[in-house]
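The values are calculated or read from the model by the stated rules, or taken from the named source; none is laboratory data. Note that the structure is a prediction, hence the values are computed from the model and not measured. Neighbour counts run over all protein chains shown; Cβ positions are idealised from the backbone, glycine included. With ligands, DNA and RNA removed, areas are computed over all heavy atoms of the protein, side chains included. Shrake-Rupley method; radii C 1.70, N 1.55, O 1.52, S 1.80 Å.
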Amino acid sequence: MGLSVNGVRAGYSEKAILEHITFDANQGQMMALLGPNGSGKTTLLKTLSKALSPHAGSVLLDGAPLESLGARDVAKKMAVIPQSFETSFAFTVEEIVMMGRSPHIEKRETEEDFAIVRRAMEATNVWHLRDTLITNISGGERQRAIIARALAQEPKVLLLDEPTSNLDITHQIEVLSTIHDLARSRNLTVIAAFHDLNLAAKYFDTLILLHGGTIRAMGTPREVLRADLIKEVYGVDVLVQRHPLSDTAFVVPLTDLRRCNGTASYKVHVIGGGGSATTLLHMLSRSDFNISLGAINLLDSDHETAQALGITCMAVESPFSPVSDEAYRETLALIDAADAVVLSDFNIGSGNIANLRAAQYALDRGKPVLCYEPEEPAGRDFTGGEASAMLEAMKTRGARTFLSLSELVHACGLMREEQKKKSD
């Protein structure tokens, strides 16, 4: 049971904001509504809460049409947490929370009502504030008190409109963690409108991406938070990566970066891996180089960065696989086409030592080789010293090392200028 939305068309007066909205929100499910301003998030929440009647289609609450239920019946099953809460009266926190019992109270509060209010306040960690005026507590505490008021309704569904928009990051995490824990412990259906894609990905298991009043995508954060979809809906270039600890998706705007389109004259081939080249790729992209990357494993964060920036990646290997002969040959082809080769400070093992051999190949062909080495390479050498010896031999043959990425990219720029002078 929960909410079922079937072919809803909704809006204001005769103007439709939403078209063909269909989805199910089950008990225990946390669902975030995403989309730019004007996409229909607030209109959808108003339709789900019965504040707005649909032009067409239906909303079912526990199998019953919402339009057939009275306001009191709806309030017993569904609670709405607004974006902000203001009151000109000096109510205590406990009095505010008790307001959530209104749909259930016939004449006056009972002992059971007070017990339910206390449990709701303890669940949201505001019981110690019960005698404090609502006007005298912080924004995060106030939002937790409003959540407690909603819980006091004993709802099956929680609807939230931008619940963290007016809070700092500490209170955002505090409030969303509370909602997440309550959804799990009480088997609540939670539907919230959100602007912050990263918070939505961290706390919600299902995302609905609205665009022009329709559902553009719906699914898990990994399924919905894709660079192409975000570009289509929000009109911005982003990099979508995986958090190294939680493995959740997170979105990084790339509006300040130039995308490599292969038209830049000076070609730099980058050898990296394990995320070691991500910053380097960004910096080279800003400086308008024609960049290639490889050999690299599929799903490696350097590979994902390159894809987001439009960087050439031909020598791509399967995830967690060693560099194959085919990938090695493709790497050599990319190096043949490059003007310079750059090595990031990647960890080197038996599976990717072929990338060092590719750098030696570049030296054999008279290509400049630039190595980023903020620390001694021995700390990232997992080949029993073979890799360190190869790097040392490369230096004696003319490979240059840099302690700073800025200095390395600047050196690439100088080589580009020198090449341009020779061609003029």
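With contacts taken as Cα pairs under 8 Å at a separation of at least 6 residues, the stretch 294-343 carries a relative contact order of 36 percent.
When only Cα pairs under 8 Å and 6 or more residues apart are kept, what is the percent relative contact order across the chain? Relative contact order, the chain: 12 percent. Positive-end ranking of 105, 190, 298 along the dipole of the chain, with charges on Cβ about the Cα centre, is headed by 105.
Shape class for the stretch 4-78: oblate, because the ratio a/c of the largest to smallest gyration tensor axis (alpha-carbon atoms, square roots of eigenvalues) is 1.5 or more and b/c is at least a/b. Looking at the square roots a ≥ b ≥ c of the eigenvalues of the Cα gyration tensor of the stretch 46-117, which shape do they give, rounded for a/c under 1.5, prolate if a/b is larger than b/c, or oblate? Oblate shape, in that a/c is at least 1.5 and b/c is the bigger or equal ratio.
Given their separation in residues at 0.36 nm each and the Cα-Cα distance between them, residue 112 and residue 410 gain 100.1 nm when the chain is fully extended.
Taking the Cβ-Cβ separation of residue 325 and residue 393 as r and a Förster radius of 25 Å, what is the calculated FRET efficiency to the nearest 0.05? About 0.65, to the nearest 0.05. Computed as a quarter of the hull surface, the mean projected area of the alpha carbon convex hull for the chain stands at 26.9 nm².
Across the chain, the longest run free of exposed loop sites, meaning GluC sites (Glu not before Pro) lying outside DSSP classes H, G, I, E and B with no more than 10 other Cβ atoms within 10 Å, spans 107-374.
Remark on the stretch 327-366: ratio of C-alpha radius of gyration to 2.2 N^0.38 Å is 1.12.
Building the convex hull from the alpha-carbon atoms of the stretch 144-186 and averaging its projection over directions returns 3.0 nm². For the pair residue 102 and residue 169, a Förster radius of 25 Å applied to the C-beta separation gives a FRET efficiency near 0.15, rounded to the nearest 0.05. Computed with a 1.4 Å probe over protein heavy atoms only, the accessible area of residue 328 comes to about 60 Å². Taking every alpha-carbon pair in the stretch 34-179 and binning the separations at 10 Å intervals from zero gives 11, 37, 35, 15, 1 percent. Between residue 51 and residue 9, the simple spin-label model (points 7 angstrom out along Cα→Cβ) gives 2.4 nm. For the cross-link pairs 46/76; 395/422; 76/202, the ones whose C-alpha atoms lie over 19 Å apart are 395/422; 76/202.
Our summary gives the stretch 3-131 a relative contact order of 21 percent, counting only alpha carbon pairs under 8 angstrom and 6 or more residues apart. Rounded to two decimals, the Cα-based Rg/Rh of the stretch 248-392, with Kirkwood Rh, is 0.95. Helix content alone sets the calculated 222 nm mean residue ellipticity of the chain: runs of n ≥ 4 DSSP H residues at -39500 (n - 2.57) each, divided across all residues, give -11000 deg cm²/dmol. If you plug the beta carbon distance of residue 236 and residue 365 into 1/(1 + (r/R0)^6) with R0 = 35 Å, you get a FRET efficiency near 0.30.
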